[in-house]
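The values are calculated or read from the model by the stated rules, or taken from the named source; none is laboratory data. These numbers come from a predicted model, not from an experiment. Note: ideal-geometry Cβ built from the backbone for every residue, glycine included; neighbour counts use all protein chains shown. For accessibility, only protein heavy atoms count, side chains too; no ligands or nucleic acids. Shrake-Rupley method; radii C 1.70, N 1.55, O 1.52, S 1.80 Å.
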Protein chains: 2
Amino acid sequence: MAEYRAVRDRLGFLGLCKTPEAAAEVTVTAAERLGVDAAIIFADILLILEPMGATLEYATGDGPVIHDPVRTGADVDRLREFHPETLGYVYDAIRLARRDLSVPLIGFAGAPFTLATYLVEGGASSTHQRTKTLMHADPGAWDALMGALVRALGTYVNAQIAAGAQAIQLFDSWVGALAPADYRRHVLPHMQALVAAIDPSVPLINFGTGTGGLLECLRAAGGGVIGLDWRVDLDAAWARLGPDVAVQGNLDPVTLFAPIEAIRDAAARILGQAGGRPGHVFNLGHGVLPDTPVDHVRALVDTVHELSAR
Amino acid sequence: MAEYRAVRDRLGFLGLCKTPEAAAEVTVTAAERLGVDAAIIFADILLILEPMGATLEYATGDGPVIHDPVRTGADVDRLREFHPETLGYVYDAIRLARRDLSVPLIGFAGAPFTLATYLVEGGASSTHQRTKTLMHADPGAWDALMGALVRALGTYVNAQIAAGAQAIQLFDSWVGALAPADYRRHVLPHMQALVAAIDPSVPLINFGTGTGGLLECLRAAGGGVIGLDWRVDLDAAWARLGPDVAVQGNLDPVTLFAPIEAIRDAAARILGQAGGRPGHVFNLGHGVLPDTPVDHVRALVDTVHELSAR
């Protein structure tokens, strides 16, 4: 959206995250313009790594860079304990957005595996070679790293809830890179510890991409809502997860570049697979891509409202 | 391997593909040094696009570039009919490799969806936005493109078999980007046509990555062997595919950077999940990554031989 790009260009991406009035404003504007039934606070999953000691930079076009990656047990030991007040600007943004929103507000955090990949690789990675090698070669250091992240994340997420977040989404964006056996051994216990630490009074969404082989693992990790990307059939995925969890998803974000007729077809298919059962939150299977036509997003929202009301 | 890098640096990547003596030599040397039970011919999935009219370049470090991408129905109409003799260097390499190999030789080709993504995007892509948008916005042009690729691939693969390839692997490297519904509507009929066109006298391996939500679709496409990446449990994936197909995979290639002890554990887990049933071909879940220690690959091969002999 043009409104968002104008504010981001003025403040910079990190500056926007750290200016509560601006972060609340883009959150509220997006929700109002798109007509969605819930908003998610404007923030970034990597913010928590700064007060833990990482030097974070958003290089233009290249994605985030961490200049002092964590690659050994000694590096893990140098991480700082997280003090929740260091991210006070996030809670302030949540409070301000709540004041102006007429729909519920979702808070969020990165899941520990995904945050660990950024810390270890020093940025995004296509193979996660250093992350997996630390995991396999030094499981003690790996567990210490994941433990530190889980402690920080529990505190951070609970502070978001205290500030007014009415649901929490954990973004495990890179978890789909893992073999299920590696997830069970090196990630699952940490996810279970994090879920146990989070205030159970709000819904918790456990979201990953590329999780077609990991659904049972995500279910075991916990959270009352499992986020599905678009690479699975919603009905088959929900059958594997079982009826006692809700699901969120699963439209391919690229579909929004197609003609509106094709967008309507895809939305109808997903709603058909959900079959009107309670516990399906319609959403994209991942984030909105740059240059997505805003009127196509709006048409999708209208379509979902129209088809769900039948 | 150093032997491979020396030849590639001398001839260039495309030059190596187009020099049958050199392509056969790196094929045979790798199989002998690693002690594997089958070899795969050195070639590239994109070679077939040149005689179809695409201008192909392997820019250093950036992956392949196609300078005249196919983005409209008119672009599709301009594609040239494939004449199999234009890839005679591949069949020559197969004949030469067969002469020197003591293990079976696998030929291969890209699957039509994956080749279409390169043609439409002009190279690799993280979102496949142009490909999917062509598929959704102009299904007629999409079907014409896929049909042209299927005709070419059937001819090409059969010429490899005639030259001596003893099995064929179709690489659908990017198929995991698709929603299952898009696969069923826009890819499955074309894959079925390709499988029907391929000489049934040799085993056919249908390989993709990120296919945890697509296994039933791959099964429907055909091929007696389904390639599994590492993102699924082999036993659960095989149960979904059914007992009447063989499976190939599924070790995470990154595991080869771990200590040999961890490599042995991972191989033992996969063999345990296969449970000694006939029809499991041990393999990596994707290609060997650059800088993989050759002695670790060799240790893996030895481990699999040792554990399989029990």
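Protein heavy-atom accessible surface, 1.4 Å probe, per residue over the stretch A:170-256: 28 Å². Taking label points 7 Å from Cα along the Cα-to-Cβ direction, A:GLU3 and B:ALA2 give a separation of 6.3 nm. Here the chain B residue lying nearest the rotation axis onto A, judged by its C-beta and given with the distance in whole angstrom, is B:GLY212, 1. Extending 7 Å from the Cα toward the beta-carbon at both B:ARG240 and A:ALA144 defines two label points whose distance is 3.8 nm.
Using R0 = 22 Å, the C-beta based FRET efficiency linking A:ASP291 and A:ASP62 works out to 0.75. Across chain A, the mean sequence separation of Cα contacts (distance under 8 Å, 6 or more residues apart), normalised by length, yields a relative contact order of 14 percent. Residues whose amide H comes within less than 5 Å of that of B:ASP252, counting only those at least five positions distant or on another chain, are B:GLY285 (H built at 1.01 Å from N in the peptide plane).
For B:GLY15, what charge total do you get from the other residues with a beta carbon under 15 Å from its beta carbon, if Lys and Arg give +1 and Asp and Glu give -1? Once all neighbours under 15 Å are counted, the net charge is -3.
What is the helix-to-structure angle for B:112-121, meaning the angle in degrees between its Cα long axis and the longest Cα principal axis of chain B, kept from 0 to 90 and rounded to the nearest 10? Once rounded, the angle reads 60 degrees. Taking amide H atoms as placed 1.01 Å from N in the peptide plane, the amide H of A:ILE40 lies under 5 Å from those of A:ILE106, each 5 or more residues away in sequence or on another chain. Extension gain for B:ARG277-B:ARG95 works out to 62.2 nm (0.36 nm per residue, less the C-alpha to C-alpha distance). For the stretch B:40-50, backbone phi angles converted through the Karplus equation (6.51, -1.76, 1.60; θ = phi - 60°) give residue-by-residue couplings of 10, 5, 6, 6, 9, 5, 8, 3, 5, 6, 4 Hz, Gly and Pro being listed as x. Tell me what the protein assembly as shown gives for mean residue ellipticity at 222 nm when only DSSP H runs of n ≥ 4 count, each as -39,500 (n - 2.57), the sum divided by the residue total, rounded to 500 deg cm²/dmol. Calculated mean residue ellipticity at 222 nm is -15000 deg cm²/dmol.
Please list log₁₀ I(q)/I(0) at q = 0.22 Å⁻¹ for the stretch B:127-227, using the Debye equation with identical point scatterers on the alpha-carbon positions. Result of the Debye calculation: -1.21.
When B:LYS18, B:LYS132 are compared by accessible surface with a 1.4 Å probe, the order from highest to lowest is B:LYS18, B:LYS132. Computed about the Cα centre, the dipole magnitude for chain B is approximately 400 debye when only Lys and Arg (+1) and Asp and Glu (-1) carry charge, each at its Cβ. With respect to chain A, whose longest principal axis is taken over its alpha-carbon atoms, helix A:20-34 is tilted by about 30°. Only one residue of B:VAL28, B:GLN273, B:TYR4 has its Cα farthest out toward the positive end of the dipole of chain B, where Lys and Arg carry +1 and Asp and Glu -1 on Cβ, and that residue is B:GLN273. Spatial offset of the stretch B:61-134 relative to the stretch A:267-310 amounts to 35 Å, using the alpha carbon center of each. Near B:GLY73, once Lys and Arg are set to +1 and Asp and Glu to -1 for all other residues with Cβ below 13 Å from its Cβ, the sum equals -2.
Against the main long axis of the alpha-carbon atoms of chain A, helix A:88-100 sits at an angle near 10°. Here the protein assembly as shown is described by how far its Cα atoms reach on the three principal axes: 75, 55, 45 Å, from widest to narrowest. Relative to the Cα centre, the charge distribution of the protein assembly as shown, modelled as +1 at Lys and Arg Cβ and -1 at Asp and Glu Cβ, gives a dipole magnitude of about 740 debye.
Label-to-label distance, B:THR55 versus A:ALA137, with points set 7 angstrom from Cα along the beta-carbon direction: 4.4 nm.
Annotation: amide H-H contacts under 5 Å for B:GLN169 (H modelled 1.01 Å from N, sequence separation of 5 or more, or interchain): B:GLY107, B:PHE108, B:ALA109, B:ILE205. Rounded to the nearest whole Hz, the Karplus-based 3J(HN,Hα) values (6.51 cos²θ - 1.76 cosθ + 1.60, θ = phi - 60°) of the stretch A:104-111 follow the sequence x, 10, 9, x, 7, 8, x, 6, with x at glycine and proline. Only protein heavy atoms count here, probed at 1.4 Å, and on that basis chains A and B bury about 2500 Å² of accessible area in total.
Split the accessible area of the stretch B:181-310 by element, probe 1.4 Å, and carbon with sulfur accounts for 57%.
For B:GLU306, the point set 7 Å out from Cα toward Cβ sits 6.5 nm from its twins in the other copies, listed from shortest up. Counting charges near A:LEU96 (Lys, Arg +1; Asp, Glu -1) among other residues having Cβ under 11 Å from its Cβ returns a value of -1.
Here is the tail figure for the stretch A:1-122: Cα pairs spaced more than 18 Å apart come to 56 percent of all pairs. Using the Karplus relation 6.51 cos²θ - 1.76 cosθ + 1.60 with θ = phi - 60°, the per-residue 3J(HN,Hα) values for the stretch B:254-261 come to 5, 4, 5, 8, 7, x, 4, 4 Hz, with x marking Gly and Pro.
Put simply, the stretch B:211-263 fits an ellipsoid with semi-axes of 25, 10, 9 Å; these come from the alpha carbon gyration tensor as the roots of five times its eigenvalues, largest first. With label points defined 7 Å past Cα in the direction of Cβ, position A:ARG78 shows copy-to-copy spacings of 5.4 nm, given to one decimal and shortest first. Using only Cα coordinates, the Kirkwood hydrodynamic radius of the stretch B:54-185 works out to 16.0 Å. If you wrap the stretch B:139-184 in the convex hull of its Cα atoms and look at it from every side, the mean projected area works out to 4.0 nm². A dipole drawn for the stretch B:2-227 from +1 and -1 charges on Cβ atoms has a positive end, and of B:ALA177, B:THR86, B:ALA59 the residue lying farthest that way is B:ALA177. Ranked from shortest, the separations from the 7 Å Cα-to-Cβ label point of B:VAL245 to its equivalents in the other copies are 2.5 nm. Over all projection directions, the Cα-based convex hull of the stretch A:2-227 averages an area of 11.7 nm².
Quick check: Cα centre of the stretch B:143-171 to Cα centre of the stretch A:140-210, how many Å? First find each Cα centre; the distance between them is then 45 Å.
Placing a label point 7 Å from the Cα of A:THR155 along the Cα-to-Cβ direction, the residues of the stretch A:44-59 whose backbone N falls under 13 Å from that point are A:48-53.
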